[in-house]
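What follows is one structure encoded as structure tokens, with my remarks underneath.
The values are calculated or read from the model by the stated rules, or taken from the named source; none is laboratory data. Computed from a prediction, not measured in an experiment: that's the story for all the values here. Glycine gets a Cβ as well: all are built from the backbone with ideal geometry, and neighbour counts include every protein chain shown.
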Amino acid sequence: MSTGDDGAYHNISVAPRVQPSGCPIDHDFTTFSDAYLSNPYPELARIRDQNPVFYSEKLGYLVVTRMEDLTEVFRDHDTYSSANVQDPVFPICDRAAAVLAAEDFNPVAVMSNRQQPDHTRIRKYTRDGFSGRRMKILEPYIKRRSQELIDAMIDKGGPIDFVSAFGHPLPGQIIFRFIGFDESDDEQLMAWTGNRLSFTWGNPSDDEQVAIAEKMLSYWRYCREFVAKRWEERKDDLTSELLNAHEANPDDLAYREVESIIYGHSFAGHEIVSNFMSNSLLCLLPRRDDWAAICKNPGLIPNALEEVLRFESPQTSWRRITNIDTHFAGVDIPAGTQVFLSLGAANHEPELFETPTEFDINRKNARKHISFGHGIHFCLGARLARLEGTVAIEALSQRLPGLRLVEDQQLTYAENITFRGPAQLMVHWD
């Protein structure tokens, strides 16, 4: 069985570029252009229609855009490894690498980037933490904090930045309670975990890399200390459940793996859900008939949020790297090829979604999106994210039916290859 030493959580060295043969090459496509960051979907539609599988010279990735092809890649985990999903897209500077070379910075790959058979071995224990019982425990907290954050918004008065007032703090606090972190540490934890997106999926400057690396190291040390504390004093939280599982099955779930699961969960359950909430308002508030319908009938919210996940997903792509030489979609792909899976392109595929460029809260097949992935790596937190989004939008629609976007605001998005959500979203209400 695994000892917990089977690969680092972050491989900070960037794999050399491997270009497939016999493959169309796009010399211009990149997720870092101003046009793509502003609205990726016209560009994604173009590349999907022209060459659904091609090599992006600027990214150094084989790009896959159709739903059928994406699901095939996700299913074939023997050929297409997820080992690269937590690795930086671009090289890390020597100073940042030196920070992460600290002897005690040693999280191991556990979930999104752990391969079989260890992935399934670890996932079964983590999946138990997302039980229906745990959701029932969290739901009252989600409802209470949603109301308290709305109270604070009303007290402050509009216009106000939704991201900093509600969209960012709520999912962070929820995942911290889920893990079991002390509420008094929330502010520090937010500061440590708030910009890992840029480090792993973006292209930050050298100084930014160093600052983020220092926060990653501090957060890892906090996680280790917290797990050690929970080892001595168990409570009703995810960390305690994992430690109970390790104690009962020490040869099947390593202690370091427990530490690493806790380290990884805070990001997966925070920034992505924050973007989900902001994107929901971006979709719903300008469409006043849709917003009024939701205010009148909260039962419409779950399907409306599935349409948000399809139409304006907080996660527009994911990554793989080939373990072996393979042949796919008419292309010979050598081992070591980095693969860019465009979830956003597949979610707007006209053969699957009628009038895909239109947002429709009543879309019958909205849930057929691929924003949570597919196959053995399907997002474990999907159920929690849906619960958070439903509770939050219901609270906002009932308390602030006159909620609106501030007109003519210029939205900015973090420069990265995968995640999408506004850095700031100004709102006001009647």
Practice task
Would you tally the residues in the stretch 362-385 being aliphatic (A, V, I, L, M) and not in a helix (DSSP H, G or I)?
Solution key: 2
Handout entry: Residues of the stretch 326-360 that turn out to be of a type in the set (A, V, I, L, M), over 24 Å from W201 (Cβ atoms) and in contact with a Lys or Arg (Cβ under 8 Å, 6 or more places away or on another chain), as a count
Key = 1
Handout entry: Qualifying residues in the stretch 41-87 (those that are over 20 Å from the mean Cα position of the chain (by Cα) and acidic (D, E)) - the one farthest from K368 (Cα to Cα)
Key = E57
Handout entry: Residue count, the stretch 20-54 (criterion: touching a strand residue (DSSP E or B) at 6+ places or on another chain (Cβ under 7 Å) and in contact (Cβ under 8 Å) with a residue 40 or more places away in the chain)
Key = 8
Exercise for the section: Could you identify the single residue in S260, S313 that is modelled with pLDDT of 95 or more, among the polar types (S, T, N, Q), touching a helix residue (DSSP H, G or I) at 6+ places or on another chain (Cβ under 9 Å) and crowded, with 24+ Cβ neighbours inside 10 Å? Expected result: S313
Problem - Matching residues, the stretch 77-115, being modelled with pLDDT under 85 and over 18 Å from Y61 (Cβ atoms) - result: A109, M111, R114, Q115
Exercise for the section: Examine the stretch 394-417 for a residue that is among the β-branched types (V, I, T), touching a strand residue (DSSP E or B) at 6+ places or on another chain (Cβ under 7 Å), assigned to a loop (DSSP other than H, G, I, E, B) and surrounded by 18 or more Cβ atoms within 10 Å (Cβ to Cβ), and state whether such a residue exists. Expected result: yes
Practice task
Name the one entry in M153, M135 that is touching a strand residue (DSSP E or B) at 6+ places or on another chain (Cβ under 9 Å), assigned to a helix (DSSP H, G or I) and not aromatic (F, W, Y).
Solution key: M153
Practice task
For A102, indicate whether it is farther than 22 Å from I321 by Cα, hydrophobic (A, V, I, L, M, F, W, C) and part of a loop (DSSP other than H, G, I, E, B).
Solution key: yes
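Scanning the stretch 313-330 for residues that are of a type in the set (S, T, Y) and assigned to a strand (DSSP E or B), which turns out nearest to Y41 (Cα to Cα)?
S317
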Completion exercise
Those residues of the stretch 31-50 that are more than 22 Å from F328 (Cβ to Cβ) and part of a loop (DSSP other than H, G, I, E, B) come to a total of 4
Handout entry: Set I12, I25: member being more than 30 Å from V308 (Cβ to Cβ), out of contact with any Leu (no Cβ under 9 Å at 6 or more places or on another chain) and hydrophobic (A, V, I, L, M, F, W, C)
Key = I25
Handout entry: Matching residues in the stretch 55-99 - criterion: being assigned to a helix (DSSP H, G or I) and out of contact with any strand residue (DSSP E or B) (no Cβ under 7 Å at 6 or more places or on another chain)
Key = M67, E68, T71, E72, F74, R75, D94, R95, A96, A97, A98, V99
Problem - Meets criteria (under 29 Å from R420 (Cβ atoms) and at pLDDT 95 or above) for R123 - result: no
Exercise for the section: Please verify whether the stretch 11-20 includes one or more residues that are at pLDDT 95 or above, crowded, with 17+ Cβ neighbours inside 10 Å, within 22 Å of the chain's Cα centre (by Cα) and not in a helix (DSSP H, G or I). Expected result: no
Exercise for the section: May I ask you to list the residues in the stretch 69-94 that are within 19 Å of A8 (Cα to Cα) and among the charged types (D, E, K, R)? Expected result: D87, D94
Exercise for the section: Write out, first by first residue and then by second, each pair whose Cβ atoms fall under 7 Å of each other, whose residues are 6+ apart or on separate chains, and whose first residue, in the stretch 119-134, is aliphatic (A, V, I, L, M) while the second is surrounded by 12 or more Cβ atoms within 10 Å (Cβ to Cβ) and at pLDDT below 85. Expected result: I122/M111; I122/R114
Exercise for the section: Run down T200, T239 and say which single residue is surrounded by 19 or more Cβ atoms within 10 Å (Cβ to Cβ), part of a helix (DSSP H, G or I) and in contact with a Pro (Cβ under 7 Å, 6 or more places away or on another chain). Expected result: T200
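Within the stretch 156-174, restricting attention to residues that are free of Cβ contacts under 8 Å to residues at least 60 places away in the same chain and assigned to a helix (DSSP H, G or I), which residue is nearest to L282 (Cα to Cα)?
Result: A165.
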